[in-house]
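*Asks:* Have a look at this one.
Coordinate-derived values only; no laboratory data. Given the structure is predicted, the values throughout are model-derived calculations rather than measurements. Glycine also receives a Cβ, built like all others from the backbone with ideal geometry; neighbour counts cover every protein chain displayed.
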């Protein structure tokens, strides 16, 4: 491990760039709207769609493939950033999903990409015009491109019934009424509903094989296990199953016959280090194209020689970069590929698989591209936690820095169970590094991808061993001479926000300050207020933090809630919250702000009335990070950009809360899970 650090420091020492040569990059390069992004080829390859700013928000545009981008037409005028979009299989529609101001109640919309508006944009149709309902898409038909299979929780907020949805008319027909805790619906290549999943109150999930109207249990996992179906084999006789059931630690790919329940191992990580990653299959031949595994970086194992040849060809064209096939025509003859790396602004190219022609399309952040030589390298590292468990992480040292005795921001990811941090370009990391901070991203226990034991090791360890994994990362950097022990800040969103509060409350001497972004402060109110459609996850949530119905669980949750240790918080804190967050509600921020205020503690509070679980509007993000970099500079002395556009300054003023006016009224339901006295 020491050799890695010495090599890293040696590399830094011989860089031509010195700290004083690194310009302060404008925050808009990191958090403003990209010029163009999200490009997708139409199924026949004749058109290209993409997102581009329209009235301040990234919206969908379209153009003929051979037209210049400035000839494109806007298709949508959403006032809220979209949550994703795609073409119907016949190219007649572009479908997209969005919510209202971050409430995560998703509606599905359709727009005709060929329609032209005399003024503005063509009309979009809301195909699921229901309030307080979150639509889910289970299947996009290729046999009948006018058909979607969707889930709607309009009858019962906790459970999604299955509907067929006709895109052209918006007609909805109920296919399956979910009265038995069904959590997913799986269709084979012929688009027949073959498997449904059911999760009981204990978190046990059953795979039910559907034969006519009969549902037969064929597979079962505990709440501490995971399994899912990524696709079916060529003749639909067996499905691919990724599972870590029983004695399996690193999730493995199997084939399973639903009739005989026989399983056959297909593949697991050849290096035996990480979980199964992804399965890519050919929609035409139904054969496997590739599998992948992600440790420090992602590795692909190609099964299709033509795809492998194309991948190798592109690697040779872009040495030292990563290659993603981001969009393709139906016959896989034409692609959009994304070329990227940790120190590179991504680029998009058109690639003709037959002729090997490569045509540059766009750089999402062209202005960042001009200054990418100032971006910092992200390095995978490992260190030991308090109990000896090895923790993988990423470390980014500011460009031009000696890498010795520097201020550090520990950036903690959300989840916590399942998600993880990845190597590559990260706007927040590069922003912080440019301001002069080393950035540590720990993949603490409970992070996904490293096996079942590692992931489950986080159960009931909120504020305990999970927090140690972060704390020992700081100790490691101090021991290596990288971190200035008096200039370490903890920062993160969602669970990362919780870890920030826990870090300041439970290890107050480790950190100089904290930035909590949509983090829970009180585990009782957190569990009481999760969305109704999270009901199937309730047992898993209890397994992570404790069961509020038991005295032992109440005590565990009380002890792990930073709100109840507010007396120990002595360092400055910046809290960021979305008013419409359905996961970690505004009450989580309000409670800790009030508690700190009453104790005379220093706390700043940013609240956006048009955001949810994280900020998505660029003006809000830039305002938030303007305040963040100023806050960090005041505490640990990094650089910060003092100026900001007028609209950003105005928005920051609107979002800045007078903490003397913050109030909190407990919800009635909280009486059922109050903390122990």
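*Asks:* Given the rule -39500 (n - 2.57) for each run of at least 4 DSSP H residues, summed and divided by the residues of the chain, what is its mean residue ellipticity at 222 nm, to the nearest 500 deg cm²/dmol?
*Replies:* Numbers: 14 runs with 140 residues, N = 677.
The per-residue figure over the chain is -6000 deg cm²/dmol.
*Asks:* Can you tell me how region 503-573 classifies by the Cα gyration tensor, rounded, prolate or oblate, using a/c under 1.5 as the rounded cut?
*Replies:* Values: a/c = 2.96, a/b = 1.79, b/c = 1.65.
Prolate shape, in that a/c is at least 1.5 and a/b is the bigger ratio.
*Asks:* What is the fewest-to-most order of 644, 622, 139 by other Cβ atoms lying within 10 Å of their Cβ?
*Replies:* 139, 644, 622
*Asks:* If you average the C-alpha positions of region 315-339 and of region 419-475 separately, how far apart do those two centres end up, in angstrom?
*Replies:* 30 Å
*Asks:* Among 595-604, 572-581, how do they line up from the highest to the lowest mean number of other beta-carbon atoms within 10 Å? Kindly include the intermediate steps, with their values, before the conclusion.
*Replies:* Details: 595-604: 15.7, 572-581: 23.8.
In descending order of packing, they fall as 572-581, 595-604.
*Asks:* Moving to a separate point now. Which ordering of 459, 249 is given by a fewest-first count of other beta-carbon atoms within 10 Å? List each step's numbers first, then the result.
*Replies:* Working: 459 20, 249 17.
The most exposed by this proxy come first: 249, 459.
*Asks:* Would you give the gap between the C-alpha center of region 521-567 and the C-alpha center of region 479-510, rounded to a whole Å?
*Replies:* Spelled out, the Cα-based centre of one part sits 22 Å from the other.
*Asks:* By the gyration tensor of its Cα atoms, with a ≥ b ≥ c the square roots of the eigenvalues, what is the shape of region 189-259: rounded for a/c under 1.5, prolate for a/b over b/c, or oblate? Walk me through the numbers on the way to the answer.
*Replies:* Working: a/c = 2.47, a/b = 1.26, b/c = 1.96.
Oblate, because a/c is 1.5 or more while a/b does not exceed b/c.
*Asks:* Normalised by the empirical 2.2 N^0.38 Å for globular proteins, what value does the Cα Rg of region 416-500 take? Show your work: numbers first, answer last.
*Replies:* On the way: Rg = 13.4 Å, N = 85, 2.2 N^0.38 = 11.9 Å.
Taking N as the residue count of region 416-500, the ratio is 1.12.
*Asks:* Now a separate question. Can you tell me how the chain classifies by the Cα gyration tensor, rounded, prolate or oblate, using a/c under 1.5 as the rounded cut?
*Replies:* Values: a/c = 1.36, a/b = 1.18, b/c = 1.15.
Rounded, because the longest to shortest axis ratio a/c is under 1.5.
*Asks:* Okay, moving on. For region 83-109 and region 341-362, what is the separation of their C-alpha centers, rounded to whole Å?
*Replies:* A separation of 26 Å, based on Cα centres.
*Asks:* Oh, and also: Just need the Rg to Rh number for region 35-153, please, alpha carbons only, Kirkwood Rh. Please report the intermediate quantities before stating the final value.
*Replies:* Values: Rg = 14.1 Å, Rh = 14.8 Å.
On the Cα set of region 35-153, Rg over Rh gives 0.95.
*Asks:* Ranking 214, 119 by Cβ neighbours within 10 Å, fewest first, what do you get? Could you put the intermediate results ahead of the total?
*Replies:* Numbers: 214 8, 119 4.
Lowest count first: 119, 214.
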